[in-house]
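*Asks:* The structure under discussion is supplied below as structure tokens; questions concerning it will follow.
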Ligand code: C2E
Ligand code: MG
Ligand code: MG
């Protein structure tokens, strides 16, 4: 009504491609096509591994190894994320059970999407899975984005409380990109804030980004939270973050995410460590 719309054959092709990807994704778990890679998290004061973040990839039969950005959004829209999330948690526990019980690292962190948190069942099924796998919950840190816990504040806070009561650690991922109110943040039972890569990237050249990083670190310290900087790529970024009081970091400077069999190499020494 009162408007004209053009159809382009390309729209059809894009829609078909999306549909095909969705169909493939539905079978990805049962066909055992998902993989976890792990990115080391380093304490730069000791140069030791403190943890590792599990990051999912999809070994697509035709398209090769796909990064999460290409399918997590689709998985969230279609609800397939619930199945993927359960697989990720169980696989991460399976891979890391030996690492944490041997004391080679404190925790393994796992990303949780907003859609998973929305299902009221999430804390219970998570704790059940850990119980079934006999995995000590204190060795798991779950990462939520600000928007995931902010979407429904009362529900979000309650979910986190149940998880914490069950012994699981809780982190806010990509901190600084959302719009958390500080008053609300104070009410959340958190362990860790992760400074988004966006602020780390230009931290040595942009006084604005450095100021944000400084503020996040000060905030975390003042309410007794651990702070982890993401996306550290250079010695200069590392030095500046350390000078600001942030000692835990992950990023290409230390390592890209690696398959599980390459994680033990980090137990003894961290590449690029300073003398
Ligand atoms: P994230 O949780 O913030 O993970 C950090 C991302 O930054 C990873 O991308 C990692 O490879 C990348 N990265 C780490 N260090 C550097 C660096 O020094 N430089 C640069 N340029 N990038 C760095 P990845 O693996 O592609 O994951 C992207 C996002 O996908 C993750 O962001 C997370 O939000 C999501 N994701 C990954 N795995 C899962 C999962 O199992 N479940 C859910 N719900 N989301 C996941
Ligand atoms: Mg993360
Ligand atoms: Mg992040």
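The values are calculated or read from the model by the stated rules, or taken from the named source; none is laboratory data. These figures come from a predicted structure and were not determined experimentally. Positions of Cβ are backbone-derived with ideal geometry, glycine not excepted, and every protein chain shown enters the neighbour counts.
*Asks:* Taking only pairs six or more apart or across chains, which ones have beta-carbon atoms under 8 Å, a first residue in the stretch 3-28 that is over 15 Å from residue 66 (Cα atoms), and a second residue that is loosely packed, with under 10 Cβ neighbours inside 10 Å and modelled with pLDDT of 90 or more?
*Replies:* none
*Asks:* Name the pairs whose Cβ atoms lie under 7 Å apart, with the first residue in the stretch 173-197 and over 25 Å from residue 40 (Cα atoms) and in contact (Cβ under 8 Å) with a residue 12 or more places away in the chain, the second away from ligand 3 (no atom under 15 Å from the Cβ) and part of a loop (DSSP other than H, G, I, E, B), and 6 or more positions between them or separate chains?
*Replies:* Pairs that qualify, where the first residue is over 25 Å from residue 40 (Cα atoms) and in contact (Cβ under 8 Å) with a residue 12 or more places away in the chain and the partner is away from ligand 3 (no atom under 15 Å from the Cβ) and part of a loop (DSSP other than H, G, I, E, B), are 186/223.
*Asks:* What number of residues in the stretch 147-159 are touching a residue at least 12 places away in the same chain (Cβ under 8 Å), more than 16 Å from ligand 3 (Cβ to nearest atom) and surrounded by fewer than 17 Cβ atoms within 10 Å (Cβ to Cβ)?
*Replies:* Number of matching residues: 5.
*Asks:* Here is a further query. Of all helices (runs of 4 or more DSSP H) completely enclosed by the stretch 183-274, which ones contain at least 2 residues that are modelled with pLDDT of 95 or more, in contact with a strand residue (DSSP E or B) (Cβ under 9 Å, 6 or more places away or on another chain) and surrounded by fewer than 13 Cβ atoms within 10 Å (Cβ to Cβ)? I'd like the intermediate steps shown before the answer.
*Replies:* Values: elements: 197-201, 207-222, 235-243, 265-268.
Hits in the stretch 183-274: none.
*Asks:* Next question. crowded, with 18+ Cβ neighbours inside 10 Å, under 19 Å from residue 259 (Cβ atoms), away from ligand 3 (no atom under 16 Å from the Cβ) and over 17 Å from the mean Cα position of the chain (by Cα) - does that describe any residue in the stretch 29-42?
*Replies:* Checked against the condition, which is being crowded, with 18+ Cβ neighbours inside 10 Å, under 19 Å from residue 259 (Cβ atoms), away from ligand 3 (no atom under 16 Å from the Cβ) and over 17 Å from the mean Cα position of the chain (by Cα), the stretch 29-42 yields no hits at all.
*Asks:* Restricted to the stretch 112-146, and to residues that are within 15 Å of ligand 2 (Cβ to nearest atom) and more than 14 Å from residue 163 (Cβ to Cβ), which residue is modelled with the highest pLDDT? Please lay out each step first, then the result.
*Replies:* Filtering the stretch 112-146 for residues within 15 Å of ligand 2 (Cβ to nearest atom) gives 112-114, 116-117, 140-146.
Filter once more, keeping what is more than 14 Å from residue 163 (Cβ to Cβ): 113-114, 145-146.
Details: 113: 95, 114: 92, 145: 91, 146: 87.
Among them, the one singled out is 113.
*Asks:* What's the number of the condition residue 71 fails, among (1) surrounded by 22 or more Cβ atoms within 10 Å (Cβ to Cβ); (2) within 16 Å of ligand 3 (Cβ to nearest atom)?
*Replies:* Just one mismatch for residue 71, condition (2).
*Asks:* Taking the stated definitions as given, is residue 144 in a loop (DSSP other than H, G, I, E, B) and either touching a residue at least 40 places away in the same chain (Cβ under 8 Å) or under 30 Å from residue 97 (Cα atoms) (or both)?
*Replies:* On the way: in a loop (DSSP other than H, G, I, E, B): no; either touching a residue at least 40 places away in the same chain (Cβ under 8 Å) or under 30 Å from residue 97 (Cα atoms) (or both): yes.
So residue 144 fails the test.
*Asks:* Before we move on, is residue 112 within 16 Å of ligand 3 (Cβ to nearest atom) and buried (at least 16 other Cβ atoms within 10 Å of the Cβ)?
*Replies:* Numbers: within 16 Å of ligand 3 (Cβ to nearest atom): yes; buried (at least 16 other Cβ atoms within 10 Å of the Cβ): yes.
The answer is yes for residue 112.
*Asks:* Determine which member of the set 80, 84, 72 is more than 16 Å from ligand 2 (Cβ to nearest atom) and touching a helix residue (DSSP H, G or I) at 6+ places or on another chain (Cβ under 9 Å).
*Replies:* Numbers: 84 fails: more than 16 Å from ligand 2 (Cβ to nearest atom); 72 fails: more than 16 Å from ligand 2 (Cβ to nearest atom).
Exactly one of 80, 84, 72 is more than 16 Å from ligand 2 (Cβ to nearest atom) and touching a helix residue (DSSP H, G or I) at 6+ places or on another chain (Cβ under 9 Å), namely 80.
*Asks:* Residue by residue through the stretch 160-179, note down the ones that are away from ligand 1 (no atom under 16 Å from the Cβ) and part of a loop (DSSP other than H, G, I, E, B).
*Replies:* Result: 166, 167, 179.
*Asks:* List the residue pairs whose Cβ atoms are under 9 Å apart, where the first residue sits in the stretch 103-122 and is over 17 Å from residue 137 (Cα atoms), the second is within 14 Å of ligand 3 (Cβ to nearest atom) and in a strand (DSSP E or B), and the two are 6 or more positions apart or on different chains.
*Replies:* If the second residue must be within 14 Å of ligand 3 (Cβ to nearest atom) and in a strand (DSSP E or B), the pairs left are 113/144; 113/145; 114/144; 114/145; 117/144.
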